[in-house]
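Structure first, then comments.
Computed from the coordinates by the stated procedures, all read-outs in this text should not be read as laboratory data. Bear in mind the structure is a predicted one, so any value in this text is a computation, not a measurement. A quick note on method: Cβ atoms are made from the backbone with ideal geometry, for glycine too, and the neighbour counts reach across all protein chains shown.
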Amino acid sequence: MDMEKRLEQIFASYQNRIALLFDEMKAEILSLTGLEGVYKEEITLGEARKIAILTECMEAEEQNRKITRRELSNISKKYMRNPATCGVFFRPDVNLMETRGNEKERFVTEKARRVIKEYKQKFGEVWINENIKYLIDPNLADDYKLTFQIKIKGEK
C-alpha cells in the first residue's frame, strides 16, 4: 500500500473518532441541560457477537433448556466465533459464565445478566435481531464496527 493511501486511511480513522467524541460530548451536555438528542455509539462486531452468545444462553436458561458444552459450541459457531474462544467467559477475572454441580451444564452469571441488560437498555430489546445479518456474516471480521443511534432524554 502506498504512503498516500495509508495517510488517507489514517486521516479518515481520526475523523471518525473525532466525530464520535463530539457525539459523546453532545450527549453529556444534552443530559446535563435536560434537553433531548441523538448520538451515535459504535461497538465492534466481536463485542456484539460475545453479547449475542451470552444473550442466547441466558434465554435458553429462562426456557429451562440446558446449555451443555456442545450447545455453547453450536451457539458460538452461529455467531462466527471459534468455540474455544468461549473459554474466556469462564475465567475468574471475566466471570461471564460458570459451571455448577456436575459441570456438564453452563450458566450465565449475574455479571453477564447485568451486561446483557445494559446492552438492551442502550441499544433496544431487539438489537440482536435487528443486526443478525452482521452477527452471522462470516465475511465480516470481529473488528468491524456496528453503529447505533441512541436517543437520550436529559435529566433536568
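Looking at the range 79-113, which GluC sites (Glu not before Pro) are DSSP coil and have at most 16 other C-beta atoms within 10 Å of their C-beta?
Values: sites: 98, 103, 105, 110; in loops: 103.
Within the range 79-113, the qualifying GluC sites (Glu not before Pro) (loop, at most 16 other Cβ atoms within 10 Å) are 103.
Report the gain in length on full extension from residue 4 to residue 20: 0.36 nm times residue separation, minus Cα-Cα distance, nm rounded to one decimal. Write down the numbers at each step before the final one.
On the way: separation 16, 0.36 × 16 = 5.76 nm, distance 2.45 nm.
Computed gain between residue 4 and residue 20 is 3.3 nm.
How tilted is helix 69-78 with respect to the longest principal axis of the chain? Cα atoms for both, answer in degrees (0 to 90, nearest 10).
It works out to around 30 degrees.
With unit charges on the beta carbons (Lys and Arg positive, Asp and Glu negative) and the dipole taken about the Cα centre of the chain, which residue among 67, 141, 12 sits farthest to the positive side?
67
Given charges of +1 on the Cβ of Lys and Arg and -1 on the Cβ of Asp and Glu, with all other atoms neutral, how large is the dipole of the chain about its Cα centre, in debye to the nearest 20? Show your work: numbers first, answer last.
On the way: 29 positive and 27 negative charges, 105 e Å.
About 500 debye.
Residues with amide H under 5 Å of residue 67's amide H, sequence separation 5 or more or different chain, H placed in the peptide plane at 1.01 Å from N; which?
When sequence neighbours closer than 5 places are left aside, the close amide H contacts are 106.
Decide, for the range 10-65, between rounded, prolate and oblate: order the square roots of the alpha carbon gyration tensor eigenvalues as a ≥ b ≥ c, take rounded if a/c falls under 1.5, and otherwise choose prolate if a/b is larger than b/c, else oblate. Don't skip to the end; give the middle numbers.
Values: a/c = 6.16, a/b = 1.70, b/c = 3.63.
Oblate is the answer for the range 10-65, as a/c is 1.5 or above yet b/c matches or exceeds a/b.
Mind checking the full-extension length gain between residue 74 and residue 41? Use 0.36 nm per residue of separation minus the Cα-Cα distance, one decimal, nm. Write down the numbers at each step before the final one.
Values: separation 33, 0.36 × 33 = 11.88 nm, distance 2.94 nm.
Once the chain is fully extended between residue 74 and residue 41, it gains 8.9 nm.
Answer with a single label: of [x] 151; [y] 105; [z] 192, which was calculated as volume of the Cα convex hull per residue in Å³ from the structure in view?
Only one option fits the structure, namely [x].
Per residue of the range 7-24, what does 6.51 cos²θ - 1.76 cosθ + 1.60 with θ = phi - 60° give for ³J(HN,Hα)? Whole Hz please, x for Gly and Pro, Karplus curve as stated.
5, 4, 5, 4, 4, 4, 4, 5, 4, 5, 5, 5, 4, 5, 4, 4, 4, 5
Can you compute the helix-only [θ] at 222 nm over the chain? Use -39500 (n - 2.57) per DSSP H run of at least 4 residues, normalise by all residues, nearest 500 deg cm²/dmol. If you can, show how the numbers build up before the last one.
On the way: 6 runs with 81 residues, N = 156.
After summing the helix terms and dividing by the residues of the chain, the value is -16500 deg cm²/dmol.
Sticking with the crude label model, points 7 Å out along Cα→Cβ, report the distance from residue 29 to residue 147 in nm, one decimal please.
Going from the residue 29 label point to the residue 147 one covers 2.0 nm.
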